[in-house]
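One structure is given here, and the rest of the page talks about it.
The values are calculated or read from the model by the stated rules, or taken from the named source; none is laboratory data. Quantities reported herein were computed from a predicted structural model and do not represent experimental measurements. Note that we place each Cβ from the backbone using ideal geometry, even for glycine, and neighbour counts take in every protein chain shown. With ligands, DNA and RNA removed, areas are computed over all heavy atoms of the protein, side chains included. Shrake-Rupley method; radii C 1.70, N 1.55, O 1.52, S 1.80 Å.
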Amino acid sequence: MKEGSVIRNESGIAIQPLYTAADVEASGGVAMLGNPGTYPFTRGIHPLMYRKQPWTMRQYAGFGNPAETNQRFKYLIANGQTGLNVAFDLPTQIGLDSDDPLADGEVGRVGMSIDTLRDFEIAFDGIDLDKITVSLTINGAAAILIAMYLAMAEKRGYDLKRLRGTAQNDILKEFIGRGTWIFPVEPSIRLVGDTIEYCAEHAPKYSPVSVCGYHIRESGATPAQEMAYAFCIAKAYADEVIARGLPVDEFAGRLSYNFNIFGNLFEQVAKFRAGRGLWAKIMKEQYHAEQPGSMWLRMIAGGGGGGLTFEQPEVNIVRGAYYALISALSGAQTMALCSYDEAYTIPTEYSARLSLRTMQLLVEEMGLAETVDPLGGSFYVETLTNQMRAEMERIMAETDAEGGIVRLVADGTIQSRVSAQAYKMQRDIDSGAFPKVGVNCYRNEHEDEHKVEFHPYDEDDARRQVESLNRVRAERDAPAVAEALAQLRADAQAGRNVMPALMRAVKAYASVGEMTRELVAVYGRYREPVRF
């Protein structure tokens, strides 16, 4: 953005017209550079990166009932997708059963509807969980759905000690960015700790948390804030489980991140390079991690719904290609790419395939997998990487000085700051101060826009989902369900890890809503603070 003759990126760093070796040195030099695969991992967490194995391609997918979603999963896998990123509908995300009156009109609308373990069995039928890793985009009800996923895998004969996969399970960013919370802040953090502790023992290769700067960025945070707040959140979860006596090297290697990509190419690349080095430094110097894997910034880089536009939707195809390029240049382990029609609707098979092909051609045609950190050594990129790292450290220090991320989320301070920035950004877009192609510049005032196919909402799908839930209730062992739910409430009241009780309850085919109600009876519900 221009301020007179000064150009600044979104993180507030002034951009010079020319960079030299002197700028690199003035910004901190190359002390934090290193080589790929070695501390501090600025250039990548593996020595050969994509030359050994290209990034995992994981499209976000899920809608309607589990049978429909299963068909979309198989379509994406057949077209070369190497991972699944599962979307859940709003009732599932906030712990409601499909027949709850509050779920009316939302069942299966913006993601897959899940009520019981039966739905997971249907959704993943015929999918080899050893070959396709699965990411569950769930937060408020994450502990319940992690239990369902593990129980489903175990029932199908998979060894949980070897099972790989990820759950988002980042409740602090929900308070900041999306709002699909259920429980108050403190018990929500305890539930995250329960999942980390349980998986460390029973599913050590499974990643129970993917700290999600993505949605913080979508909500209005700058790129530097996205990384800094995400690191503050990850530290809060680490502190929770370390306080329980779990050594850092027993869980830190399975923490992962979900970050956003939209905006200036060089700022995005620099934020990831800076973030890798900073996270490694935090884990080594503050948490005294000894295993290299504990210091890795393992991340999925998603290209970025907040950058897409309702206007001139085909231009989003071009934006998406640049987002994928940024992800590859940044050294992400997993790449997700929004489809061009996601500013409107759930992606069609055609648009999802187009996004998948975009990621594939970077490997097959563009040479992005041939060498590690191809922008490394650029005077501009190295200077900007140092400056971005310094800005992240400043934001983290400021957050800690004001009481820490948990306190600032609980009292609404972070939400207020991010919302204020989102408002300012929207005003800058409206005024043209921040250029957005097709929105405030290069508009098609008199040209018909190309039509986008909307995903229809099928009320029959919702009816079938409710019928399926009722069949499960009629067929299951009711006394076993009641006993499992009573144990869940007792464990929550006693402050015990609730994951064993959740595993027992989901195996008895207790529903999401039933398990949520038991936990709400103990923890209560979150009430959002309103700040002006």
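The range 256-277 and the range 395-413 have Cα centres separated by 22 Å. Put the Cα centre of the range 132-152 next to the Cα centre of the range 451-491 and the gap is 16 Å.
Using a cut-off of 19 Å between Cα atoms, the listed pairs 74/131; 131/205; 74/161; 155/507; 161/235; 271/424 include 74/161; 161/235; 271/424 as exceeding that distance. Across the range 434-446, rounded Karplus estimates of 3J(HN,Hα) from the backbone phi angles (6.51 cos²θ - 1.76 cosθ + 1.60, θ = phi - 60°) give 10, x, 9, 4, x, 9, 10, 8, 6, 7, 9, 6, 10 Hz, Gly and Pro being marked x. Look at the dipole of the range 233-313 built from charges on Cβ: of 260, 297, 248, the Cα furthest out on the positive end belongs to 297. Ranked by the mean number of other Cβ atoms within 10 Å of their residues, highest first, the peptides 190-196, 433-439 fall in the order 190-196, 433-439. Among residues other than residue 200 whose Cβ falls under 9 Å from its Cβ, what is the net charge (Lys/Arg +1, Asp/Glu -1)? Computed value for this residue: -2. Placing +1 on the Cβ of every Lys and Arg and -1 on the Cβ of every Asp and Glu, with nothing else charged, gives the chain a dipole about its Cα centre of roughly 1140 debye. Partners of residue 52 within straight-line reach, counting aspartates and glutamates whose Cα lies under 18 Å from its Cα and excluding those fewer than 8 residues away in the same chain: 364, 365, 370, 373.
The packing ranking of peptides 343-355, 200-212, highest mean first, is 200-212, 343-355, where packing means the average number of other beta carbon atoms within 10 angstrom of each residue.
Using the Cβ of residue 283 as centre and a radius below 14 Å, the other residues enclosed give a net charge of +1, where K and R count +1 and D and E count -1. Assuming a ≥ b ≥ c are the square roots of the Cα gyration tensor eigenvalues, decide whether the range 456-532 counts as rounded (a/c under 1.5), prolate (otherwise, with a/b larger than b/c) or oblate. Here the range 456-532 falls in the oblate category.
Remark: the range 383-393, residue by residue, has Karplus-estimated 3J(HN,Hα) of 5, 5, 4, 4, 5, 5, 4, 4, 5, 4, 5 Hz, where x stands for each Gly or Pro and the curve is 6.51 cos²θ - 1.76 cosθ + 1.60 at θ = phi - 60°. For the chain, adding -39500 (n - 2.57) for each run of n ≥ 4 DSSP H residues and dividing by the number of residues yields -14500 deg cm²/dmol at 222 nm. Dipole magnitude for the range 281-331: computed about the Cα centre from +1 point charges on Lys and Arg Cβ and -1 point charges on Asp and Glu Cβ, it is near 160 debye. Would you mind classifying the range 387-532 by shape? Square roots of the alpha carbon gyration tensor eigenvalues, ordered a ≥ b ≥ c; an a/c under 1.5 is rounded, otherwise it is prolate if a/b is larger than b/c and oblate if not. It comes out oblate by the Cα gyration axes. Each other residue within a Cβ distance under 12 Å of residue 36 adds +1 if Lys or Arg and -1 if Asp or Glu, for a net charge of +4. Using a probe of 1.4 Å on the protein chains alone, the accessible area found for residue 121 is around 40 Å². Using C-alpha pairs below 8 Å separated by at least 6 residues, the relative contact order for the chain is 20 percent.
In the range 313-433, a dipole from Cβ-located charges (positive for Lys and Arg, negative for Asp and Glu) runs towards its positive end, and of 368, 344, 327 it is 344 whose Cα lies farthest in that direction.
Of all the accessible heavy-atom surface of the chain, with the other protein chains kept in place and a 1.4 Å probe, what percent is carbon and sulfur? Carbon and sulfur atoms account for 51 percent of the accessible area of the chain.
Here the chain is treated as a Stokes sphere of Kirkwood radius computed over C-alpha pairs; at 10 °C and 1.306 mPa s its diffusion coefficient rounds to 67 µm²/s.
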